[in-house]
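Chemist: Please see the structure below; I have some questions.
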Ligand SMILES: CC(C)(COP(=O)(O)OP(=O)(O)OC[C@H]1O[C@@H](n2cnc3c(N)ncnc32)[C@H](O)[C@@H]1OP(=O)(O)O)[C@@H](O)C(=O)NCCC(=O)NCCS
């Protein structure tokens, strides 16, 4: 894997030692599993199409939003990540699909470590504070599954996501500069999510 550039990443972790209680989701918010994948694909596609994350932007520029979303949704197992069918959820806010969260575990850690393969909100549901709900669902899903540590990072330019992790009580770790594979696209090996 030959790097052609680097990304500056801000990592955060949540461990089983974190006893902070999670705020309930606000009225109007609920979660659903997409039985057909179509709705999830739509939500992911709209999110990637308007993302400030440089990896998202790069993938959309290369493949178009819908194909970038397809690649993302199809790729966790290639990267030795696993998930149960009912972990991946669409956030419904006042009846509309507003966002998604894709929690996974690392196979090499025997399910003891997890991450967010990707998450986000469609543009019209941003700046409403809903990103915190995405993090809470991640914590409840993975901790219920027996994960001991959740490690995630986000691009240093992604101020809303950084603020959201911070507000939700995740522990901030030192910033890392990570190489970007030449053919990087979301859903491909997001080595930024690899803490080792
Ligand atoms: C990242 C994302 C989920 C954040 O959601 P959001 O709706 O934009 O942000 P929220 O309204 O939930 O706000 C979260 C925090 O960021 C702050 N914020 C919101 N918009 C901001 C902006 N444009 N600049 C700086 N801070 C901002 C909020 O005040 C809030 O801060 P607080 O927790 O200290 O009160 C959303 O922007 C998104 O889907 N982006 C595209 C996909 C993506 O980047 N996913 C994450 C990859 S790691």
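The values are calculated or read from the model by the stated rules, or taken from the named source; none is laboratory data. All of these numbers come straight from a predicted model, not from anything done at the bench. Note that each Cβ is placed from the backbone with ideal geometry, even for glycine, and that neighbours are counted across all protein chains shown.
Chemist: Out of all the residues in segment 18-52, which are in contact with a strand residue (DSSP E or B) (Cβ under 8 Å, 6 or more places away or on another chain), more than 14 Å from the ligand (Cβ to nearest atom) and assigned to a loop (DSSP other than H, G, I, E, B)?
Modeler: 18, 28, 33, 34
Chemist: Condition test on residue 101, is it under 20 Å from residue 138 (Cβ atoms), at pLDDT 95 or above, part of a helix (DSSP H, G or I) and within 16 Å of the ligand (Cβ to nearest atom)?
Modeler: Numbers: under 20 Å from residue 138 (Cβ atoms): yes; at pLDDT 95 or above: yes; part of a helix (DSSP H, G or I): no; within 16 Å of the ligand (Cβ to nearest atom): yes.
For residue 101, the condition - under 20 Å from residue 138 (Cβ atoms), at pLDDT 95 or above, part of a helix (DSSP H, G or I) and within 16 Å of the ligand (Cβ to nearest atom) - is not met.
Chemist: Kindly indicate the residue of segment 158-167 that is under 14 Å from residue 133 (Cβ atoms) and within 8 Å of the ligand (Cβ to nearest atom) and also farthest from the chain's Cα centre (by Cα) among those meeting that condition. Show your work before the answer.
Modeler: Our first condition is that a residue be under 14 Å from residue 133 (Cβ atoms); within segment 158-167, this holds for 160-161, 164-165, 167.
Cutting the leftovers down to within 8 Å of the ligand (Cβ to nearest atom) gives us 160-161, 164, 167.
Details: 160: 13, 161: 10, 164: 12, 167: 17 Å.
Among them, the one singled out is 167.
Chemist: Could you check, for segment 127-150, whether at least one of its residues is over 21 Å from residue 86 (Cα atoms), touching a helix residue (DSSP H, G or I) at 6+ places or on another chain (Cβ under 6 Å) and buried (at least 22 other Cβ atoms within 10 Å of the Cβ)? So that I can check it myself, show each step before the final result.
Modeler: Our first condition is that a residue be over 21 Å from residue 86 (Cα atoms); within segment 127-150, this holds for 127-129.
From what is left, the residues that are touching a helix residue (DSSP H, G or I) at 6+ places or on another chain (Cβ under 6 Å) are none.
Within segment 127-150, not a single residue is over 21 Å from residue 86 (Cα atoms), touching a helix residue (DSSP H, G or I) at 6+ places or on another chain (Cβ under 6 Å) and buried (at least 22 other Cβ atoms within 10 Å of the Cβ).
Chemist: Considering every residue within segment 131-145, establish whether at least one is out of contact with any strand residue (DSSP E or B) (no Cβ under 8 Å at 6 or more places or on another chain) and part of a loop (DSSP other than H, G, I, E, B).
Modeler: No; the residues of segment 131-145 include none that is out of contact with any strand residue (DSSP E or B) (no Cβ under 8 Å at 6 or more places or on another chain) and part of a loop (DSSP other than H, G, I, E, B).
Chemist: Right, next: Those residues that are within 15 Å of the ligand (Cβ to nearest atom) and either within 13 Å of the chain's Cα centre (by Cα) or under 30 Å from residue 108 (Cα atoms) (or both), I need them from segment 53-75; list them, please.
Modeler: Correct list: 53, 54, 55, 56, 57, 58, 59, 60, 68, 69, 72, 73.
Chemist: Taking the criterion of being more than 12 Å from the ligand (Cβ to nearest atom) and in contact (Cβ under 8 Å) with a residue 12 or more places away in the chain, would at least one residue in segment 117-136 satisfy it?
Modeler: Applying the first criterion (more than 12 Å from the ligand (Cβ to nearest atom)) to segment 117-136 yields none.
No: segment 117-136 contains no residue that is more than 12 Å from the ligand (Cβ to nearest atom) and in contact (Cβ under 8 Å) with a residue 12 or more places away in the chain.
Chemist: Also, I was wondering about something else. Can you confirm whether segment 4-14 contains a residue that is assigned to a loop (DSSP other than H, G, I, E, B) and either in contact with a strand residue (DSSP E or B) (Cβ under 8 Å, 6 or more places away or on another chain) or closer than 19 Å to residue 163 by Cα (or both)?
Modeler: Within segment 4-14, the first condition is being assigned to a loop (DSSP other than H, G, I, E, B), and the residues that meet it are none.
No.
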